[in-house]
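The values are calculated or read from the model by the stated rules, or taken from the named source; none is laboratory data. Since this is a predicted model, take the numbers as computed values, not measurements. Every residue, glycine as well, gets a Cβ built from its backbone with ideal geometry; the counts of neighbours run over all protein chains shown. These area figures cover heavy atoms from the full protein model, side chains too; ligands, DNA and RNA do not enter into them. Shrake-Rupley method; radii C 1.70, N 1.55, O 1.52, S 1.80 Å.
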Amino acid sequence: MVIRKAFKYRLKPKPEDELLLRQFAGSCRFVWNKALALQKERLNNGERCLAYNKLAVLLPEWKADFPFLKEIHSQPIQQTLMNLDRALKDAFDKKSPKHFPSFKRKGATADSFRYPQGFKLDGNRVYLPKSGWVAFFNSRPIEGNPRNVTVSRKGQHWFVSIQTEREVVEPSNRPSSSVGG
């Protein structure tokens, strides 16, 4: 049986690292808001929402229009579009609808972005593409194979959540006696 588990640690970013983390989070927030505005405009015009792959085609155009997006690694931006796609699908799910996605404001919610690949772990440091090595408080060992990394900010602190996957033996707990018998 495969188990996925996340290990969350507080980052120790240098001032220049923190600036990059803020820039990454801000760019992901910008892409979320731009894509959500496009989707709302399409819905208001009676059109269907664009799927992730159609939105991803627009990224090179957006990078040309907004040069600061070129400085950001493409994976967090693509993950942002995937998250929006999932949120829209959940909002229109007839069996268990969730609320419609809302625009993100700076400082109102915790900033975050995800790397599905390209990151590296080395003891108490994590390598984030286009950001470099960032130290973290390694309070417990990481068990399993790392699958993705999410960087988030809550309050004044930055955190890294490392999702791992590992194989475990399925429990075979068979009771030998009945309860109340």
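Just one of the listed residues (N138, N145) is loosely packed, with under 11 Cβ neighbours inside 10 Å, at pLDDT 85 or above and over 30 Å from W62 (Cα atoms), and it is N145.
So how many residues does the range 162-173 have that are in contact with a Lys or Arg (Cβ under 6 Å, 6 or more places away or on another chain) and open to solvent by 30 Å² or more (accessible area, probe 1.4 Å)? Of the residues in the range 162-173, 2 are in contact with a Lys or Arg (Cβ under 6 Å, 6 or more places away or on another chain) and open to solvent by 30 Å² or more (accessible area, probe 1.4 Å). Of all residues in the range 109-121, those that are at negative phi and assigned to a loop (DSSP other than H, G, I, E, B) have Cβ atoms under 7 Å from Cβ atoms of residues that are open to solvent by 70 Å² or more (accessible area, probe 1.4 Å) and not aliphatic (A, V, I, L, M), 6 or more apart or on another chain, in A110/K154. More than 16 Å from V151 (Cα to Cα) and either in contact with a Ser or Thr (Cβ under 9 Å, 6 or more places away or on another chain) or polar (S, T, N, Q) (or both) - does that describe any residue in the range 46-61? Looking through the range 46-61, at least one residue is more than 16 Å from V151 (Cα to Cα) and either in contact with a Ser or Thr (Cβ under 9 Å, 6 or more places away or on another chain) or polar (S, T, N, Q) (or both). Close Cβ contacts (under 7 Å, 6 or more residues apart or on different chains) running from residues in the range 44-62 that are farther than 21 Å from F100 by Cβ to residues that are assigned to a helix (DSSP H, G or I) and open to solvent by less than 100 Å² (accessible area, probe 1.4 Å) comprise A56/Q78; A56/L81; L59/I77; W62/K34; W62/L69. Of all the criteria given as (1) open to solvent by less than 80 Å² (accessible area, probe 1.4 Å); (2) touching a residue at least 40 places away in the same chain (Cβ under 8 Å); (3) not acidic (D, E), the one not satisfied by F103 is (1).
Q78 meets all of the listed conditions (1) on the phi > 0 side of the Ramachandran plot; (2) under 16 Å from the mean Cα position of the chain (by Cα) but one, namely (1). The residue of the range 122-168 that is farthest from K70 (Cα to Cα), among those that are part of a loop (DSSP other than H, G, I, E, B) and without any contact (Cβ under 8 Å) to a residue 12 or more places away in the chain, is P141.
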